[in-house]
Amino acid sequence: MGEHATPEHILQVGLGFWASKTLLSAVEMGLFTELAAHPGELGSVGERLGLHPRSAADFLDALVALGFLDRRDGVYHNTPATDLFLDRRKPSYLGGILEMANSRLYGFWGGLTEGLRTGTLQNEAKHGSMPFFEAIYADPGRLRGFLGAMTGLSHPANVQIAERFPWGGYASFVDVGTAQGDLAVQIALANPHLAGQGFDLPEIAPVFEDYVAANSLSERLSFAAGDFFAGPLPQADVITMGHILHDWDLDQKRMLIGKAYEALPEGGSLVVYEAIIDDERRENAFGLLMSLNMLIETEGGFDYTAADCRGWMAEAGFRETRAEHLVGPDSMVVGVK
């Protein structure tokens, strides 16, 4: 006889926002940063965070049950993962993306049903406010923080690309939509023979240059200012695009891949990476949910499968394509001209 159906998975996902908001509030209040420096008992932690005694124990113990905190002899500690990734004082901090999820996306996802029925975005621009990314780029302080958050999210995949792509046969690369420049930095650190550029809007330049200088790579990495919709891409042996294509509609995706093809020499390669959806569209839930997030955040963006991307590359003229898993939900698709 078959297994009996149970409701646990339905309830876990359907009420998943309970756990999500508990974690997001902990990040918002700086709980993990506080505990990284000073583990403490309930009363001490609650006082330092300004928690009301009615729910302080439930809040902290829920984080224990969810695997984000450890409690030993009544003293609350970070787990190894939260200590590494959610302590704001560490360079490995990736809580910036969770801060954005808490302050923006958590509310905007309440409009998902409307977005699914209308195909329209559900963020600030829905009500005529300045779109989030325009507002970020207009504020240097917010821009720097946002780009740092993106680095935390992308860093593990960046390291994998730097180590696993066959860079030995190339001399130069351009990272398109480089943001803070972590992909360019990791490639250069792992491959001392390479010279590279980060290509992005002019506002990014100081953030990129500071990050490159902090990694002692200013002699081999430079910044090229431009708009990838307004003109050609810089020429190089390899062009990389990380978390770029999913922001745009199908025609724009094809145009960007075509521009990369034109900027590459014979034998050059295009490397595209993000949370590529598996070809059967059954396994990479993160990639599929990210695509729904593109519905919330963009006018026409969507995520895609490796087969989709390889097809667009072939249409552009790439003679060889392949897909390779990197880490977590991220994969890369490579096209060779």
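The values are calculated or read from the model by the stated rules, or taken from the named source; none is laboratory data. For clarity, every value in this text was computed on a predicted model and none was experimentally measured. When we count neighbours, we look across all protein chains shown, and the Cβ atoms used for this are built from the backbone with ideal geometry, even at glycine. Each accessible area value is taken on the protein alone, full model and side chains, heavy atoms only, with ligands, DNA and RNA left out. Shrake-Rupley method; radii C 1.70, N 1.55, O 1.52, S 1.80 Å.
Before moving on, here are some points about what is shown:
- Simple spin-label estimate for GLU134 and ALA37 in nanometres, 7 Å along Cα-Cβ: 3.9 nm
- Prolate/oblate/rounded label for region 1-52 (Cα gyration tensor, a/c 1.5): prolate
- Residue-averaged 222 nm ellipticity for the chain, from DSSP H runs of 4+ at -39500 (n - 2.57), nearest 500: -13500 deg cm²/dmol
- Stokes-Einstein D in µm²/s, Kirkwood radius over Cα pairs - the chain at 37 °C with 0.692 mPa s viscosity: 151 µm²/s
- If you model region 25-114 as an ellipsoid using its alpha carbon gyration tensor, with each semi-axis the square root of five times an eigenvalue, the axes come out at 24, 16, 11 Å, biggest first.
- A 1.4 Å probe run over the protein chains yields, for the chain, 50 Å² of accessible area per residue, whole-number rounding.
- Counting DSSP beta bridges with both ends in the chain, the antiparallel % (nearest 5): 50 percent
- Each residue of region 320-330 was assigned a 3J(HN,Hα) from its phi angle through the Karplus expression (A = 6.51, B = -1.76, C = 1.60, θ = phi - 60°), giving 9, 9, 7, 10, 8, 5, 9, 7, x, x, 8 Hz with x at Gly and Pro.
- Viscosity 1.567 mPa s, temperature 4 °C, Stokes-Einstein D of region 267-337 from Kirkwood C-alpha radius, µm²/s: 104 µm²/s
- Normalising the average separation of contacting C-alpha pairs (under 8 angstrom, six or more residues apart) by the number of residues puts the relative contact order of region 133-190 at 39 percent.
- Across the accessible surface of region 233-337, with the other protein chains kept in place and a 1.4 Å probe, carbon and sulfur atoms take up 49 percent.
- The chain - percent relative contact order, Cα under 8 Å, separation 6 or more: 12 percent
- The value of relative contact order for region 61-139, using C-alpha pairs under 8 Å at least six residues apart, is 11 percent.
- Long-range HN-HN contacts of ILE277 with modeled amide H, under 5 Å: TYR304, THR305, ALA306
- Note on region 47-138: with neighbouring protein chains present and a 1.4 Å probe, carbon and sulfur make up 57 percent of its accessible heavy-atom surface.
- Region 1-66: trypsin sites (Lys or Arg not before Pro) in DSSP coil with no more than 15 other Cβ atoms inside 10 Å: ARG54
- Environment charge of SER92, counting only residues whose C-beta is closer than 13 Å and scoring Lys/Arg +1, Asp/Glu -1: 0
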